[in-house]
Amino acid sequence: MHAELNPYAPGAGLRPPELVGRQPEVDAFDLLVARSRRGQTARSLVLHGLRGVGKTVLLNQFRVQADRAGWLVVDVEGQTSDSGRQTTRRRLAREIALAARRLSRGRAMSAAVLEALATVKSFGMQFGGLGFSIELEAAVGRADTGVIEIDLEELVEDLAPALREQQRVIALFIDELQDLEPELLGALLSVQHRAGQRGWPFVVVGAGLPSVPGTLTAAKSYAERLFDYREIGSLPSGAAGDALVVPARRAGVTFDASALDVLVDASGGYPYFLQTYGAAAWDLAEDRRITEADAIGAIDRGNAELDSGFFPGRWASATPAERQYLVAMSEDPDGESSTGAVATRLGVAANATSQARHALISKGIVFAPQRGRIAFTVPHMRAFVRRQADLDLVD
Ligand SMILES: Nc1ncnc2c1ncn2[C@@H]1O[C@H](COP(=O)(O)OP(=O)(O)OP(=O)(O)O)[C@@H](O)[C@H]1O
Ligand SMILES: [Mg+2]
């Protein structure tokens, strides 16, 4: 069928043609927005789950809901590299400065707004570098120590009266939370904690890998109670079917029941795979009906695409020793292993593998679901690693 009409959207953070199976989270965020409008607090949300399940898409959805309610919205992404970490702070400061302009737009500035913007400016000068403009003097002695935890707290404290005046909230949307530098993470948690106690309209909304709840609690023990943690996972088969059928129906295209079964089954309900197979099936179908043969072909084509895009990026970033570790993990059928068993397979003592394991964790390829266990962050990565190991043997 016409490729230009293909509705499916395989790709990191791409909004799907139909956002299925996430209504409970969308409703929970709506409730947070509604409560804040009444000046009531509620725990914010942190999304966690494997790669490609739709965390970024859902975070963006929350962002739209927040924006619609007039919140000041700030977007940041955790970065692993050292330079990335510096960029994150700068970006945070600049985004806050940009968002804060909303306070003064279209109205005379109240004393509270003037005070808030002066502190935003001083925070921006401290962390944002040069080149952003607020035509005000920076506040002296506010948000200018250079210690992120102190300055962020003063910033939010000084923003609070202006935000309340306008019934707004400032929300920091942070993706890839597991990669946020520890100092900034600690500062955010501490300020969120303080905000809850003082009634400051400040909300951190986060998303990241399955390790995120553990990382947050390790940073500050009260983080456990600070958020409503939502695991985002594969879609149940009804919702997975809808992810394929609903967008097609809008274009007058149908799936044969057997075709749908084949595709949903192969995807395991994982959103990224549903979009990939859906896109391939659409391209292969001859007319407005997607048959079982199209579906089978789509899985082949989709897998070839995944094997040249989704998976290899992670594989390519692994060193030979780390790849051996992944291959040893792949002997376990369900993508999760005991670290001891992996070491035994590699024929070394357990502590001899810790370097490779830690490196793979920091690259976001694996995570530790619990002590002594290790698992792939990427659904179906195990099978890819096995295919890779077979290729390497042939080479
Ligand atoms: N609820 C959904 N229904 C259908 N498709 C979805 C849904 N959520 C996400 N997708 C699709 O899944 C793919 C992955 O989404 P996204 O990038 O948000 O995942 P992620 O969890 O952030 O992955 P990563 O951990 O790699 O950042 C995209 O192609 C997106 O269109
Ligand atoms: Mg993402």
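The values are calculated or read from the model by the stated rules, or taken from the named source; none is laboratory data. Note that the structure is predicted; figures quoted are calculated from it, not measured. Every residue, glycine among them, receives a Cβ derived from its backbone with ideal geometry; neighbour counts consider all protein chains shown. Side chains included, ligands, DNA and RNA excluded: accessible areas come from the protein's heavy atoms. Shrake-Rupley method; radii C 1.70, N 1.55, O 1.52, S 1.80 Å.
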Item to complete: Give the residue, chosen from Ala143, Ala139, Ala171, that is of a type outside the set (Lys, Arg), in contact with an Asp or Glu (Cβ under 6 Å, 6 or more places away or on another chain) and in contact (Cβ under 8 Å) with a residue 24 or more places away in the chain.
Response: Ala143
Worksheet item: What are the residues in the stretch 17-61 that are closer than 20 Å to Val74 by Cα, within 14 Å of ligand 2 (Cβ to nearest atom) and out of contact with any Lys or Arg (no Cβ under 8 Å at 6 or more places or on another chain), if any?
Response: Lys55, Thr56, Leu59
Practice prompt. Within the stretch 353-376, track down each residue that is basic (Lys, Arg) and either touching a Gly at 6+ places or on another chain (Cβ under 9 Å) or modelled with pLDDT under 95 (or both).
Written response: Lys363, Arg371
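In the stretch 285-381, which helices (runs of 4 or more DSSP H) lie fully inside it and hold 3 or more residues that are in the same structural domain as Asp256 (by TED's automatic domain parsing), surrounded by fewer than 20 Cβ atoms within 10 Å (Cβ to Cβ) and among the aliphatic types (A, V, I, L, M)? If you could, list the steps in order and put the result at the bottom.
Values: elements: 292-308, 312-316, 320-329, 339-346, 354-362.
By residue number, 292-308.
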Response to the item:
A careful count of residues in the stretch 63-94 that are assigned to a helix (DSSP H, G or I) and either touching a Gly at 6+ places or on another chain (Cβ under 9 Å) or under 14 Å from Gly208 (Cβ atoms) (or both) gives 9
Item to complete: Mind counting the residues in the stretch 164-193 that are more than 22 Å from Gln126 (Cα to Cα) and away from ligand 2 (no atom under 16 Å from the Cβ)?
Response: 7
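Could you grab me the full set of residues in the stretch 173-205 that are hydrophobic (A, V, I, L, M, F, W, C) and within 16 Å of ligand 1 (Cβ to nearest atom)? Quick ask: steps written out before the conclusion?
Just the residues of the stretch 173-205 that are hydrophobic (A, V, I, L, M, F, W, C), to begin with: 173-174, 177, 180, 184-185, 187-189, 191, 195, 200, 202-205.
Matches in the stretch 173-205: Phe173, Ile174, Leu177, Leu180, Val205.
Go through the stretch 84-111 and give me each residue that's open to solvent by 20 Å² or more (accessible area, probe 1.4 Å) and farther than 17 Å from Ile148 by Cα.
At the first step, the residues of the stretch 84-111 found to be open to solvent by 20 Å² or more (accessible area, probe 1.4 Å) are 85-87, 89-91, 94-95, 98, 101-102, 104-111.
Leu98, Arg101, Arg102, Ser104, Arg105, Gly106, Arg107, Ala108, Met109, Ser110, Ala111, listed by residue number.
Of all residues in the stretch 36-50, count the ones that are in a loop (DSSP other than H, G, I, E, B) and either among the aliphatic types (A, V, I, L, M) or out of contact with any Pro (no Cβ under 7 Å at 6 or more places or on another chain) (or both). Spell out how you get there, then give the answer.
Within the stretch 36-50, the first condition is being in a loop (DSSP other than H, G, I, E, B), and the residues that meet it are 38-43, 49-50.
When the remaining residues are screened for being either among the aliphatic types (A, V, I, L, M) or out of contact with any Pro (no Cβ under 7 Å at 6 or more places or on another chain) (or both), the result is 38-43, 50.
Qualifying residue count for the region: 7.
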Practice prompt. Go through the stretch 172-199 residue by residue and tally those that are closer than 20 Å to Leu50 by Cβ, open to solvent by 10 Å² or more (accessible area, probe 1.4 Å) and in a helix (DSSP H, G or I).
Written response: 2
Practice prompt. State the number of residues belonging to the stretch 234-274 that are assigned to a helix (DSSP H, G or I) and open to solvent by 10 Å² or more (accessible area, probe 1.4 Å).
Written response: 18
